[in-house]
1. Kindly indicate the residue of segment 35-57 that is in contact with a Phe, Trp or Tyr (Cβ under 8 Å, 6 or more places away or on another chain) and outside any helix (DSSP H, G or I) and also farthest from A162 (Cα to Cα) among those meeting that condition.
2. For segment 216-268, which positions are assigned to a loop (DSSP other than H, G, I, E, B) and of a type in the set (K, R)?
3. Can you tell me which residues in segment 58-92 are modelled with pLDDT of 95 or more, more than 19 Å from D292 (Cβ to Cβ) and assigned to a helix (DSSP H, G or I)?
4. Give the residue that is modelled with the lowest pLDDT, with candidates limited to residues of segment 135-158 that are assigned to a helix (DSSP H, G or I) and buried (at least 19 other Cβ atoms within 10 Å of the Cβ).
5. Give segment 166-210 a look and list any residue that's within 17 Å of L249 (Cα to Cα) and in contact with a helix residue (DSSP H, G or I) (Cβ under 8 Å, 6 or more places away or on another chain), or say none.
6. Could you list, in sequence order, the residues of segment 281-311 that are polar (S, T, N, Q) and either farther than 12 Å from F34 by Cα or in a loop (DSSP other than H, G, I, E, B) (or both)?
7. Report, by residue number, each residue of segment 179-192 that is among the aliphatic types (A, V, I, L, M) and touching a strand residue (DSSP E or B) at 6+ places or on another chain (Cβ under 7 Å).
8. Filter segment 221-262 for residues that are under 16 Å from the mean Cα position of the chain (by Cα), under 19 Å from D185 (Cα atoms) and not polar (S, T, N, Q) and give the result.
Amino acid sequence: MFSRRGLGKLALGALPLSAAAAKKIDSVVHGVQFGLQSYIFTGIGLPQEGLIDQVIQCMVDCRLGECDLYAPLTEPARFWDRIRAGGPAGPGVTVPPEIAASRAQARQELAEWRNSVPLDYYRAIRSKFENAGIAICGLSGFPGSTEEELSRTFEIAEAVGAQLITLGFGLSAAKRVAPLADKHDFIVGIMGGPNMNATNPDAIAKPESYDAAVSLSRKYSIVFDIGDATGGGYDALKFVEDHHNRITLLYLKDRRRDRLSVPWGEGDTPIKEIIRLIKERKYPIKCYLDCDYKTSNRAADVKRSFEYAKAALAEAR
């Protein structure tokens, strides 16, 4: 449990910012709303403890006023250190049985913590961002398979002030979640995994599967990663043009067609063309900076990417 004093410390943190809520940072550039996908601060060797402070400081320094809050950033290091122990997990990766068991136990404990922690814990995190002039507009990275877990996700999203929950799932899960999205009257962004060569009929991977998914609920929209799409064989520019009325948010990263992520401007993703299209057509699509290549200074990557985007829009005037 968390005391009122402990929650207050979480809200104010140690950043050199005013204790009073700051004026919201304006990160609209030539009519295009930019923000940050905070996930990019994970997986690069930084300790779990204190990542939120690093995200906020980076956004203040770069003058980015909106973010998609990656949920694991808000969760205790004692769980995630055990979940990540032993190296990366995933398809084709074999881990010793004792590590697998420890990870499974940590995930169970994390799920129990998430379902029991007071919502004031999340409201304090919202205040921390607002005190820096930043709005949490999206919440992503929450797993969930049961109705109880998914309903809790909606409650947490409301507590942090998010307008959107991003979920990466397949068509069968999209059918199951649709009534919950309608019940909570909350926008759910379907991320899927764009891949023109996908063969799994349940995967939300090809344009037609995105169409099928968003037709399941009036509250469904598309959250689209243009870098992942380029690596998956998409014409990302055409997809954005064809689906602009159902896209809520774009993650902007640069990837080559061989799926390798690279600094902006070094890959095959049409970042400039897409943000210029949004500007020219006045599409109400948010564009959040994303860069997941190896780095020694993620904050510098974010600053460089935002400067790239601003220069691209300025050149198109």
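The values are calculated or read from the model by the stated rules, or taken from the named source; none is laboratory data. This structure is a prediction, so every number in the text was calculated from the model and none was measured. For neighbour counting, all protein chains shown are included, and Cβ atoms are generated from backbone atoms with ideal geometry for every residue, glycine included.
1. This residue is Q48.
2. R218, K219, R246, K253, R256, R257, R259
3. Within segment 58-92, V60, D61 meet the criteria.
4. L150
5. Result: L167, F169, F186, I187, V188, I190, G192, G193, P194, I204, P207, Y210.
6. T295, S296, N297
7. A181, I187, V188, I190, M191
8. Within segment 221-262, I222, V223, I247, L249 meet the criteria.
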